[in-house]
């Protein structure tokens, strides 16, 4: 009897332990699933952003629903972004910052899509948003919730890279490069790269300036010793948008030689054209001289002929 009783107690304890272990793993799995349901979306400043909240359970009736979009940060004084009560928008508790900037997709509500469209996204909209769907039957209960993290970004302009125009004897001298870009968000990463060996160079100066619209501009300089074959790249990275814009500099020595050669060719062509012009003028003067002489000789011959005829005519009259 004692052994049988001990066996039953041991079996009950083992069963309880197994159930507890199973519950623990179930809760752990459930928590992991909830964590994976949090969505992160990226929106550019000034664009419209869609905050997703989709319920895939049983059919719901709008008249029995309350849908709340709110800021999940408890530190905010006003947290109501949008509210739908009994099938109608309710703006009584909506934050002023979101007035006339939010709307639901009415043609999707009956299908369980409670996503929110946020218009003209600004820097102050960077929050974690929570969607709560509640159903009222005999009592009010929550049937769905979702969280959306809204990250903001703006593309930077193509970098402008300025560098020295080298002379043939400037090798070994310290030269300065500058790189600038703007109208981006968030703060960028700036890289200087020596393209001859793809090594990273440390900037001499890096200045990031915030603007009133929330965007940033960046200015950076690089000082290096001049070499016979300089190839420098400035790269501006926006991590959120996964954009990497770059500008390149290649030594200008050969270009200067080409410019000098081109200038010499232009001078030669100019001299040739000048000589041709002079020759043309000389030929024209010669032709005019020949024509003038011919006209004079012709006129002289006519005068001689006229005088001779007059002399022959006079004796006959006498």
Handout entry: Sorted peptide list for 183-193, 276-286, criterion being average Cβ within 10 angstrom, highest first
Key = 183-193, 276-286
Practice task
Take each of the peptides 123-130, 239-246, average the number of other beta-carbon atoms within 10 Å over its residues, and list them starting from the highest.
Solution key: 123-130, 239-246
Practice task
Give me the number: length gained by fully extending residue 40 to residue 204, i.e. 0.36 nm times residue separation minus the C-alpha to C-alpha distance, one decimal in nm.
Solution key: 55.4 nm
Handout entry: Label-to-label distance, nm, for residues given as residue 72 and residue 290 (7 Å Cα→Cβ offset)
Key = 10.0 nm
Exercise for the section: Within 10 Å, count the other beta carbons around each residue, average over each peptide in 226-233, 97-104, and list them highest first. Expected result: 226-233, 97-104
Handout entry: Distance-filtered residues of the stretch 186-210 - backbone nitrogen under 20 Å, label point 7 angstrom along residue 47 Cα→Cβ
Key = 186-189
Handout entry: Relative contact order [Cα under 8 Å, 6+ residues apart], the stretch 37-152, whole percent
Key = 39 percent
Exercise for the section: Can you tell me the FRET efficiency between residue 274 and residue 244 if r is taken as the Cβ-Cβ distance and R0 is 45 Å, rounded to the nearest 0.05? Expected result: 0.25
Practice task
Round to the nearest 0.05 the FRET efficiency obtained for residue 141 and residue 96 when R0 = 51 Å and r is the Cβ-Cβ distance.
Solution key: 0.95
Exercise for the section: Compute the distance in nm between two label points, each set 7 Å from the Cα along the Cα-to-Cβ direction, one at residue 61 and one at residue 105. Expected result: 2.5 nm
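Bear in mind that the values in this text are calculations on the coordinates, not laboratory data. Bear in mind the structure is a predicted one, so any value in this text is a computation, not a measurement. Note that each Cβ is placed from the backbone with ideal geometry, even for glycine, and that neighbours are counted across all protein chains shown.
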